[in-house]
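The values are calculated or read from the model by the stated rules, or taken from the named source; none is laboratory data. What you see is a predicted model; the values in this text were computed from it and never measured. Cβ coordinates were reconstructed from backbone atoms using ideal geometry, including for glycine residues, and neighbour counts include every protein chain displayed. Calculation scope for accessible area: heavy atoms of the full protein, side chains included, ligands and nucleic acids excluded. Shrake-Rupley method; radii C 1.70, N 1.55, O 1.52, S 1.80 Å.
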Amino acid sequence: MEKTIALVGNPNVGKSVVFSRLTGTYAVVSNYPGTTVDISRGTAVFGGRKFQVIDTPGTNSLEPVSEDEQVTRDILKSEHPDVIVQVADAKNMYRTLLLTFELQALGLPLILELNMFDELLQRGMKIDRDELEKLLGIPVVESTAISGEGIAELKRHIRALTDSGAAREALVPPPVTSEEKHTKAREITLRVLRASSRKETTRLEKLGAAMMHPVGGYVFVAVVLFILYEFVGVFAAGTVVDFLEHTVFGAWVTPVVSSAIDHLTTSVLVKDFLIGKYGIISMAISYAFAIVLPIVTAFFLFFSILEDTGYLPRLSVMLDRLFRIFGLNGKAVLPMVLGLGCGTMAALSTRILETRKERIITVILLSLTIPCSAQIGVILGLLSGVSWKIAVVWIASISLSIVMVGSLANKLVPGEQSPFIFEIPPVRVPSVVNILRKVGMRLRWYLKEAVPLFVLGTVLLFIVDKLAVLTVIERMARPIVVSVLGLPPVTTAAFLIGFLRRDYGAAGLYVLAKQGLLDPTQVLVSVVAITLFVPCIAQCFMVVKEQGWKLAMLIFAGVTLYAVTFAGIVNVIARSIQW
Amino acid sequence: MNTQECFDEEEALGVIWNSVEKKQSDLASIVERLRTGVSATVFDDLIAKKLIMVDGNTVVMMPAGAAVGRDVTRRHRLTERLLADVLQVKGPDIDVTACKIEHIISTGIADSICTLLGHPRACPHGSPIPSGECCKRLQSSTEPIVTSLDTLPVGATAIVAYLVTGSHPHIHKLLSLGVVPGTPVRLHQKSPSFVVNVNETQIALDSDIARQIYVRTC
């Protein structure tokens with residue numbers, strides 16, 4: 001029978017790297033605690049056997065504090081794995097042992113894997129492994145999973161333990177009470193760990209300190225935002241999109257495809273369906289590949305580098321005080337910044353937050369205010385073509401909304417705010433291979449999820465347009481779109497497809513603005529409205545899944561009402577001051 | 001009045017002060033607690049001396065009684081801190097021993113203990129310690145031996161003495177991150193958030209949590 005291996009350990013020790021090494025399947029790896037919020041499963045084959053491997057969210061203790069830690073405890077209780085591999089940060093012996101004792105108490109075969117051993121050696125520290133094995137009574141493996149070192153030995157131990165059958169009686173009974181655990185952990189650490197009296201700080205440590213310096217840290221934020229704007233907004237959304245749209249699609253693909261279609265069919269309907277106003281090639285495919293794909297690629301690349309260096313936890317140090325106004329703490333920076341990448345992933349990652357109140361407020365802010373990378377890129381591309389002033393007002397409107405809605409939600413949502421106690425990983429040089437794998441995985445995910453929705457949206461629009469229902473919908477939406485928001489009726493289509501994908505809706509506005517159908521005020525109002533509007537369908541489902549129907553509907557209703565009202569006010573103000 | 005009666009009276013006022021603090025001042029439960037814990041007659045004595053009175057179904061402390069109750073509670077909880085932190089006494093011994101010592105130390109000695117410990121805010125069980133004259137004179141005038149993390153200068157290293165956060169999960173979280181009494185911590189920065197280095201772990205904390213971590217400067 002297939003044996004089960006569970007990988008368990010403190011946060012950010014490299015469980016997902018070990019998982020990838022054992023199974024050959026990629027699990028997202030980043031340099032901050034809480035990357036894995038749900039379990040991933042994979043199959044490993046070695047020594048002529050097949051194993052099921054479970055990767056669990058990091059946990060400091062089997063007495064869980066947050067929801068992702070709860071996941072780990074539940075999985076150990078319900079699945080009774082045949083072997084537990086405790087993946088550990090070799091540098092942090094004391095903390096490792098506290099968890100080791102809890103795992104030993106479960107009575108399942110256990111292997112301790114001292115990972116990131118290279119970092120331990122770099123810091124001039126040494127571990128007496130034989131002594132540690134003797135003191136704990138379990139096998140101990142040294143490894144540097146990112147380069148693959150020690151994995152072969154880990155596999156040998158897994159085989160040996162699973163071959164020997166049932167759980168052995170622990171050779172050394174683990175301590176029980178909290179005081180015993182701490183005393184024993186201290187004793188063992190003193191006996192096996194030889195620390196060096198290292199005085200000098202490395203360049204990376206200095207960089208890490210600069211990223212959260214009381215003054216320098218804010219300069220760092222500004223620099224990061226500037227690079228983001230230049231790389232994603234100007235380079236990807238400007239240069240690359242122009243090239244793809246005009247040269248690749250405009251000059252090559254579209255003419256070739258349309259002449260090919262001319263040869264193949266004479267049916268106007270089929271032609272319209274493929275390359276008409278709402279055609280699958282002219283709209284869905286060209287939006288997806290010419291406009292959105294280069295932008296999300298750039299963003300995913302930029303974001304992956306930020307993740308792997310360890311910048312994000314330092315950003316949360318900078319923003320903790322601001323987030324207290326919203327009833328959150330610095331930890332919520334992670335899902336919020338992740339939301340700038342993809343709101344759906346972010347809605348899932350709210351699990352790292354400790355209280356329900358914090359999760360709800362974060363979901364509200366994610367649904368309402370945080371535009372995803374694809375949407376930001378498209379909007380930046382759109383705005384950079386009109387006026388920088390609009391970009392400033394857009395950013396100001398979104399920031400104002402975050403502060404207003406956040407502080408209001410803090411008052412309205414019942415529950416507790418948790419204190420900020422957050423582990424900051426060391427700054428690391430990102431591995432190019434990991435960045436490329438991660439970007440590749442996210443792009444595949446994007447193509448698999450977004451492109452079908454783009455096509456679906458286009459088909460719906462096409463049908464609705466052909467049946468003349470679109471005019472009916474435009475007429476029904478007129479009081480809001482035209483009277484309240486002051487936008488031309490054609491924008492209704494953009495908002496409609498915005499339900500499927502917000503970036504798709506923004507791309508619709510992008511095209512309308514390029515065609516000169518929107519004046520500057522209308523660009524501003526439409527962009528504000530589509531940013532604040534309900535999130536895309538995938539994010540909606542994630543919110544429903546995580547928070548339940550009732551709450552999700554309440555949030556969406558509130559978000560829609562707020563979006564229309566706020567954009568309406570922006571319209572009135574912009575019109576009256578005639579900027 | 002003999003010494004035993006005096007002890008009983010203090011003890012009883014301490015018990016009542018505790019009950020009122022926990023909002024459990026109903027007559028029946030207090031009488032029961034005094035009868036089993038102190039003596040059968042002490043309740044009537046206190047009423048006779050106008051240290052407490054009974055209002056309907058609740059016990060109300062008169063100003064003089066409240067002052068004694070508060071003071072004895074302060075001495076009790078400070079003693080507990082002293083036993084736990086400095087003398088490393090563990091478990092139920094702390095409470096039992098403190099119950100005896102509290103009656104024989106004067107208010108002045110209590111203030112000395114309070115200053116030595118850096119004016120702690122809570123006993124080892126998490127109940128608040130009523131502040132004394134010495135706390136009002138402000139602790140920063142003299143260098144306390146034990147101080148909260150937020151008063152350390154940036155770059156300083158100190159040994160964790162105790163954690164006073166009232167919430168179990170937060171203590172647990174700090175402990176599992178390695179912020180354990182006896183461990184050296186280095187204060188890396190205070191602003192915009194607190195960042196400390198403990199062993200090879202770097203931890204960010206908000207100022208509330210930093211105030212709840214007491215350290216011994218070395």
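Side notes on the structure shown:
- One Cα centroid belongs to segment A:432-488, the other to segment A:526-579; the line between them spans 16 Å.
- Per-residue 3J(HN,Hα) values for segment A:498-514, derived from phi via the Karplus relation 6.51 cos²θ - 1.76 cosθ + 1.60 with θ = phi - 60°, read x, 5, 6, 9, 5, 5, 5, x, 5, 5, x, 5, 4, 5, 4, 5, 4 Hz in sequence order (x marks Gly and Pro).
- Dipole of chain A, positive end: most advanced residue of A:Phe422, A:Tyr311, A:Ile390 [Cβ charges, Cα centre]: A:Ile390
- The label point for A:Glu63 and the one for A:Arg356, both projected 7 Å from the Cα toward the Cβ, are 2.3 nm apart.
- DSSP bridge analysis restricted to segment A:3-194 gives an antiparallel fraction near 35%, rounded to the nearest 5.
- Chain A, accessible surface, carbon-and-sulfur percent (1.4 angstrom probe): 66
- Gyration tensor verdict on segment B:146-217 (Cα atoms; rounded if a/c is under 1.5, prolate if a/b is larger than b/c, oblate otherwise): rounded
- Extension gain, A:Asp74 to A:Leu447: 0.36 nm times the residue separation minus the Cα-Cα distance gives 131.0 nm.
- Residues A:Glu119 and A:Arg191, FRET efficiency given R0 of 35 Å [Cβ-Cβ distance, rounded to 0.05]: 0.95
- Listed residues A:Pro488, B:Ala158, A:Ile84: farthest to the positive end of the dipole of the protein assembly as shown (Cβ charges): A:Pro488
- If both residues of a DSSP beta bridge must be in the protein assembly as shown, then about 70% of such bridges are antiparallel.
- Cβ-placed point charges (K, R +1; D, E -1), dipole of segment A:216-577 about Cα centre in debye, nearest 20: 600
- Cα shape, the protein assembly as shown, gyration tensor, a/c 1.5 rule: prolate
- Check: segment A:88-233 dipole with +1 on Lys, Arg Cβ and -1 on Asp, Glu Cβ, in debye: 320
- Helix B:27-37 vs. chain B, principal-axis angle (Cα, 0 to 90°, nearest 10): 80
- Cβ-based charge dipole, segment A:216-577, positive-most Cα from A:Ala477, A:Val433, A:Ile463: A:Ala477
- Neighbour-limited loop hits for GluC sites (Glu not before Pro), segment A:1-109 (at most 15 other Cβ within 10 Å; DSSP other than H, G, I, E, B): A:Glu2
- With Cα atoms, 0 to 90° folded angle of helix A:520-532 axis to chain A main axis: 40
- Nonlocal amide H pairs with A:Glu149, under 5 Å, H built at 1.01 Å: A:Thr144
- Alpha-carbon centroids, segment A:201-237 and segment A:102-152: separation in whole Å: 35
- In sequence order, segment B:77-85 has phi-based couplings of 6, 5, 4, 4, 4, 4, 5, 6, 7 Hz under the Karplus curve 6.51 cos²θ - 1.76 cosθ + 1.60, θ = phi - 60°, and Gly or Pro positions carry x.
- Distances between placed amide hydrogens fall under 5 Å for A:Gly34 paired with A:Asn12, A:Gly58, all partners being 5 or more residues away or on another chain.
- For segment A:357-441, the set of GluC sites (Glu not before Pro) satisfying both a DSSP loop assignment and a count of at most 15 other C-beta atoms within 10 Å is given as A:Glu416.
- Simple spin-label estimate for B:Asp45 and A:Asp242 in nanometres, 7 Å along Cα-Cβ: 9.5
- Fully extending the segment from A:Glu133 to A:Lys550, taken as 0.36 nm per residue of separation minus the present Cα-Cα distance, adds 144.9 nm.
- Shape category assigned to segment A:3-194 from the gyration tensor of Cα positions, a/c cut at 1.5: rounded
- Karplus (6.51, -1.76, 1.60) ³J(HN,Hα), θ = phi - 60°, over segment A:291-302, in Hz, Gly and Pro reported as x: 9, 7, 4, x, 5, 5, 4, 4, 5, 4, 5, 4
- Nearest 10 degrees, 0 to 90: helix A:537-547 Cα axis against chain A principal axis: 40
- The mean number of partner chain beta-carbon atoms within 10 angstrom of a residue's beta-carbon across peptide A:177-188 is 2.
- Sites matching GluC sites (Glu not before Pro) across segment A:197-263 that sit in DSSP coil, with at most 13 neighbouring C-beta atoms within 10 Å: A:Glu200
- The protein assembly as shown, dipole about Cα centre (Lys/Arg Cβ +1, Asp/Glu Cβ -1), debye to the nearest 20: 1560
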